[in-house]
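To start, the structure itself, in C-alpha cells.
The values are calculated or read from the model by the stated rules, or taken from the named source; none is laboratory data. All figures in this text were calculated on a predicted structure; none of them were measured in a lab. So basically every Cβ, Gly included, is an ideal-geometry build from the backbone, and we count neighbours across all protein chains shown. Heavy atoms of the whole protein, side chains included, go into the accessibility calculation; ligands, DNA and RNA do not. Shrake-Rupley method; radii C 1.70, N 1.55, O 1.52, S 1.80 Å.
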Amino acid sequence: MAILCKELKFKKFFVAKGNEQEALLVEGIEVDAIATLSELIDFLQGKIKLKPAKRQKRLSQDMQFKEDFADVQGQFLAKKALEIAAAGGHNVLMVGAPGTGKTMLAKRLATILPQMTYQEALEVTKIYSIAGLLSRDSGLVTKRPFHSPHHTISSAGIIGGGTIPKPGEVTLSHNGVLFLDELPEFSKASLEALRQPLEDGEVMITRVNASLKFPSRMILVASMNPCPCGYYGDPTHHCVCTPGQIQRYLNKISGPLMDRIDIQCEISAIPFKELSKAQPGEPSANIRERVIAARAIQTRRYEGVAGVHCNAQMTEKMIHEYAEPDAAGLELLRTAMERLSLSARAYSRILKVARTIADLDGSEKVEPRHIAEAIGYRQLDRGDWAERGL
C-alpha cells in the first residue's frame, strides 16, 4: 500500500502502530503511525500533532552464510555447473545416487549469488509482507530467498492460491532459489504447474472476483536419483533397475518441463581417498566475485531490454545476436547433436549456457571450447542415457 501511495504521488501515509518500519522501507513518502482511528480523526481536525516515524533499519550489506562451498569436498564439475547457473540465471538439475551431496550443493547456491539491489530487496520484502511473513520489527529482506518444499506439496502450494490468494513457493523464491529435492516424487500436477512461472517469470491466479499476478523470477535447482533404486551407475552399489524402468522413471519429468532446465549435471560419489584429505575447497566469496563480474557484463549487454537481465532470459533473436557460434563452433554443435542423439530443444539451451561460460571466461565471443563445455551439461537429452553406463 505504501508503494502504491508513492506511485500515486501521495506525500503522507498513515499506518497502524507496529507496521511503520515496514511502510518506511518505501523511500520518498512520510509515514505516520497511529494507535486508534480516534487519534487519526483528532489529527485531521487539528486537535493533535503527529511526529513522522523514523526508519530504524537500513539495507544491510551483510553477506555472511552458515553454508559455504569451502565445505564441499571434490565435486568440481557440479560446483562449476552451479557457478554457471548463478552467473547466467540458469535452472539446473542434478542427477546422482543418494549421499553424493546434491542437497549440500544446492543449499550453497544462494551463497554465490550477487547481493540483491535495493529494488530486488523491496520486491522480496513486499512479497513477504503480502504473505504475512514479516515480523513487526522486520527491516528490508536483504538475503536472497532459498525455499525447499517437501515433495508432498500441492500445486496450489507451489504456485499460490486459496480463497484469498496467497503467494506460493515460486513467488516466495522470487529473486532467489527454489530447490526441489527428489523431483520425480512431486505430483504431476505440481510439476506441470511450474511451467508458466519458469517460462514467464510470473504466476497468474484467477478467481471469481479477481485475477492476481505474482512475480516468480527465481533459479530452479532440482535433484533426482538416476533410477528408482537410486544406484544406476554407482561404482559401490549394484543397480537392480532395467533400462525400461530407468526410462519410465526419467519420463516422470515431462519434456516441456525439462525444456526449461538449461543445465543437467551428473554427480558421482566421492572416493574415500579424496574425502580423507579434508582440505577446504574454494570459498563461496571467491566464486561470487566471478559471478558478479559475469552478471555485470550481462547487465551492460541487456541494458534497456525489458524483461531480460541475464543470459537465461534471452529470446531466440537475442541468441542469434549474442551467442551465434562461428563455423567451427557450429560444426562442433552439429556433430554433438548427431553423435549424442541430443534433442532439438538442446540447441538453444547449449548456446545460452555457452554464452554464460564465455562471460565467466571474459570472452566477447562464444568460442568452440565454450560450446564443448556447454554440451557436457545436457546429459539427460542424450537418447541412450538409460542404456549406457555413467
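For Gly233, work out the one condition from (1) under 26 Å from Lys143 (Cβ atoms); (2) touching a Pro at 6+ places or on another chain (Cβ under 9 Å); (3) of a type outside the set (D, E, K, R) it doesn't fulfil. The single condition Gly233 does not satisfy is (1).
Of all residues in the range 80-103, those that are in contact with a helix residue (DSSP H, G or I) (Cβ under 6 Å, 6 or more places away or on another chain) and among the hydrophobic types (A, V, I, L, M, F, W, C) total 6. Residues that are in a loop (DSSP other than H, G, I, E, B) and either under 13 Å from His370 (Cβ atoms) or open to solvent by 70 Å² or more (accessible area, probe 1.4 Å) (or both) within the range 315-343 comprise Ala323, Glu324, Pro325, Asp326, listed in sequence order.
Considering only the range 53-68, I want to know if a residue exists there that is under 30 Å from Ile270 (Cα atoms) and among the aromatic types (Phe, Trp, Tyr). Yes, because at least one residue in the range 53-68 is under 30 Å from Ile270 (Cα atoms) and among the aromatic types (Phe, Trp, Tyr).
Restricted to the range 171-262, the set of strands (runs of 3 or more DSSP E) holding at least 2 residues that are open to solvent by 40 Å² or more (accessible area, probe 1.4 Å) comprises 202-206, 211-215. Only one of the numbered conditions (1) within 15 Å of the chain's Cα centre (by Cα); (2) part of a loop (DSSP other than H, G, I, E, B) is not met by Met94, and that is (2). Restricted to the range 1-56, the set of helices (runs of 4 or more DSSP H) holding at least 3 residues that are out of contact with any strand residue (DSSP E or B) (no Cβ under 7 Å at 6 or more places or on another chain) and surrounded by 11 or more Cβ atoms within 10 Å (Cβ to Cβ) comprises 37-44. Here is the figure for the range 132-163: residues that are closer than 18 Å to Leu178 by Cβ, of a type in the set (A, V, I, L, M) and surrounded by 15 or more Cβ atoms within 10 Å (Cβ to Cβ) total 5. Figure legend. Inter-residue proximity from the range 66-84: first residues at positive phi and of a type in the set (Val, Ile, Thr), second residues part of a helix (DSSP H, G or I) and surrounded by fewer than 23 Cβ atoms within 10 Å (Cβ to Cβ), beta-carbon distance below 9 Å, spacing 6+ or different chains. No pairs are indicated.
Quick check on the range 136-154. Is at least one of its residues in contact (Cβ under 8 Å) with a residue 12 or more places away in the chain, of a type in the set (Val, Ile, Thr) and part of a helix (DSSP H, G or I)? No, because not a single residue in the range 136-154 is in contact (Cβ under 8 Å) with a residue 12 or more places away in the chain, of a type in the set (Val, Ile, Thr) and part of a helix (DSSP H, G or I).
Scoring Leu77 on the criteria (1) touching a helix residue (DSSP H, G or I) at 6+ places or on another chain (Cβ under 8 Å); (2) not in a loop (DSSP other than H, G, I, E, B) leaves a single failure, condition (1). Filtering the range 332-376 to residues that are at pLDDT 90 or above and hydroxyl-bearing (Ser, Thr, Tyr) leaves Thr335, Thr356, Ser363. Scanning the range 263-301 for residues that are at pLDDT below 90, of a type in the set (Ser, Thr, Tyr) and either in a helix (DSSP H, G or I) or more than 19 Å from Val92 (Cα to Cα) (or both) yields a count of 1.
Of the residues in the range 114-125, at least one is in contact (Cβ under 8 Å) with a residue 12 or more places away in the chain, in contact with a His (Cβ under 8 Å, 6 or more places away or on another chain) and either open to solvent by 60 Å² or more (accessible area, probe 1.4 Å) or not aromatic (Phe, Trp, Tyr) (or both).
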